[in-house]
Amino acid sequence: MQELDKITDWDVFGIYLGFDESEITEIRRVHQSNARSKRAMFAEWVEKEPRPAWEKVIDALESMSHIRLANRLKEKECTSA
């Protein structure tokens, strides 16, 4: 999760992970700060995703042009497998 702290546009990241605008708005309303909202969104994604996978996170990051971060996660995932 620490790697994801670098993401500032967490709401766009949430859309790529499958959240809709109303869910993003509710997370923002409840948690107010970007840091808390981002962590809450990611925790909610892990909870609601039947099989949360780093591949989906990496795909979202690549779609958002966060290539270096996506590559770091790929490397980390390969070394922990």
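The values are calculated or read from the model by the stated rules, or taken from the named source; none is laboratory data. These numbers were taken from a predicted model, which means no experiment stands behind them. With ideal geometry, Cβ positions are generated from the backbone for all residues, glycine too; neighbour counts draw on all protein chains shown. Remember, those area values only see protein heavy atoms, side chains included, never the ligands or the DNA or RNA. Shrake-Rupley method; radii C 1.70, N 1.55, O 1.52, S 1.80 Å.
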For region 53-81, enumerate the residues that are open to solvent by less than 60 Å² (accessible area, probe 1.4 Å), modelled with pLDDT under 90 and not in a helix (DSSP H, G or I). 53
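Among 37, 22, which is more than 15 Å from residue 63 (Cβ to Cβ) and touching a Lys or Arg at 6+ places or on another chain (Cβ under 8 Å)?
Just a single option satisfies the conditions, and that option is 37.
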Of everything in region 22-35 that's at pLDDT below 95 and polar (S, T, N, Q), which residue is least open to solvent (accessible area, probe 1.4 Å)? 33
May I ask you to say which residue of 13, 19, 42 is open to solvent by less than 60 Å² (accessible area, probe 1.4 Å), of a type outside the set (Lys, Arg) and not in a helix (DSSP H, G or I)? 19
